[in-house]
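Notes follow once the structure below has been shown.
FYI, it's all coordinate maths here, none of it is from the lab. Please read these numbers as outputs of a predicted model, since none were measured by experiment. Methodologically, a virtual Cβ is constructed for each residue, glycine included, from the backbone with ideal geometry; neighbour enumeration extends over all protein chains shown.
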Amino acid sequence: MLVIVTENYDELSKIAAKKVAELVRKKPTAVLGLATGSSPIGLYKELIRMHKNEGLDFSKVTTFNLDEYIGLTPDHPESYNYFMRKNLFDELNVDERFINVPQGMLDVKNIPAIEEFCTWYEDEIKKAGGIDLQVLGIGVNGHIAFNEPGSSLGSRTRVKTLTEETRKANVRFFNSEEEVPKYAVSMGVGTIMEAKELLLLANGKGKAKAIKATVEGPITAMVPATIVQMHSKATLIVDKEAASELTRKYEGWIV
Ligand code: F6R
């Protein structure tokens, strides 16, 4: 696991974008796993800049998003589908047919329909040849995608109940806590671990404890992000604040 500590969020975003761009240039048909939330926004802005100013071509790239709230239509302003369109896809030349965001309009009580969708999503990832590079954020509780503490480390795409902590963290995007969805469909920890490469981004003091646990703590389902220690090609890009609780720190990079 490579941990890159940056001065600030801007530097974090530029290093992350460079990595994604390198892959897309080397493999124009790359399969990207994408995250929503505030952490990758700078990365997405930089990719848009590279597309517009440097001709970075996404026309053959396939994307799979990690998760989606249940109960929000794709055009709901807080749906992850909408987020991805506004913050990335609308500004790039990604082929609509190659964009995959999990379906949010599922009935949590209809287990067969949910299972059918989740199996289909996993199969689509396999058919695309697997994810080459998975972008991840991390929750303050150490979740990755919506794999909340206690999620099986071998889990696959499924419906998850959001913890109160996560719902509270996300209330800033809604009018009230009641409006924050209770469930989400999410790639599993096992699904994420099958990506050929992981790129986890974290910034700000609020993420410091989760980053310490992820880098230095024991691997535990209670902090799902700790499983990235087992990945053969994982890079964490964290700003100084998110790295502030790491004890094994050297000038520049930490390996
Ligand atoms: C979003 C996702 C979540 C976020 C995490 C951090 O697709 O999978 O796990 O990455 O909640 O969110 P931010 O970046 O908003 O702090």
Legend entry - Residue exposure sequence - Ser79, Ser186 - by fewest surrounding Cβ within 10 Å: Ser79, Ser186
Inset, instruction - Can you check how the C-alpha radius of gyration of segment 76-181 compares to 2.2 N^0.38 Å, as a plain ratio? - result: 1.16
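Any number yet on Rg/Rh for segment 1-150, C-alpha, Kirkwood? Let's see the in-between values first.
Working: Rg = 15.7 Å, Rh = 16.3 Å.
For segment 1-150, the value is 0.96.
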Legend entry - P(r), alpha carbons of segment 84-139 - 10 Å bins starting at zero, rounded %: 17, 41, 37, 5
Inset, instruction - Return the Rg/Rh value of segment 122-177, two decimal places, where both radii are evaluated on C-alpha atoms and Rh is the Kirkwood radius. - result: 1.04
Inset, instruction - Based solely on C-alpha atoms, express the radius of gyration and the Dmax of segment 131-255 in angstrom. - result: 14.5, 45
Legend entry - Relative contact order of segment 5-74, defined on C-alpha pairs under 8 angstrom at six or more residues apart (%): 40
Legend entry - Amide H partners (placed H, <5 Å) of Phe146, local residues excluded: Met187
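Using Cβ counts within 10 Å as a stand-in for footprinting exposure, how do Ile227, Ile111, Ile125 rank, fewest first? All intermediate terms of the calculation are to be shown ahead of the outcome.
On the way: Ile227 23, Ile111 10, Ile125 20.
Neighbour counts put them in this order, fewest first: Ile111, Ile125, Ile227.
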Legend entry - Convex hull projection area averaged over all views, segment 1-73, Cα basis, nm²: 6.3
Legend entry - the chain: relative contact order as a whole-number percent, Cα under 8 Å and 6+ apart: 26
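With a 10 Å Cβ neighbour count serving as the proxy for reagent exposure, in which order, fewest first, do Lys19, Lys52 appear?
Exposure proxy ranking, most exposed first: Lys52, Lys19.
How many percent of the alpha carbon pairs in the chain exceed a separation of 25 Å? If you can, show how the numbers build up before the last one.
Details: 12933 of 32385 pairs.
That tail contains 40 percent of the Cα-Cα pairs.
For every helix of n ≥ 4 consecutive DSSP H residues, a contribution of -39,500 (n - 2.57) applies; sum these over the chain, divide by its total residues, and give [θ] at 222 nm rounded to the nearest 500 deg cm²/dmol. Spell out each step's value before the answer.
Values: 7 runs with 78 residues, N = 255.
Calculated from helices alone, the mean residue ellipticity at 222 nm is -9500 deg cm²/dmol.
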Inset, instruction - Please report, in whole Å, how far the alpha carbons of segment 145-210 spread along each principal axis, starting with the longest. - result: 38, 29, 18
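Sum up the charges of everything whose Cβ sits under 10 Å from the Cβ of Ile114, counting Lys and Arg as +1 and Asp and Glu as -1, but leave Ile114 out. Let's see the in-between values first.
On the way: positive: Lys109, Arg158; negative: Asp107, Glu115, Glu116.
Net charge around Ile114: -1.
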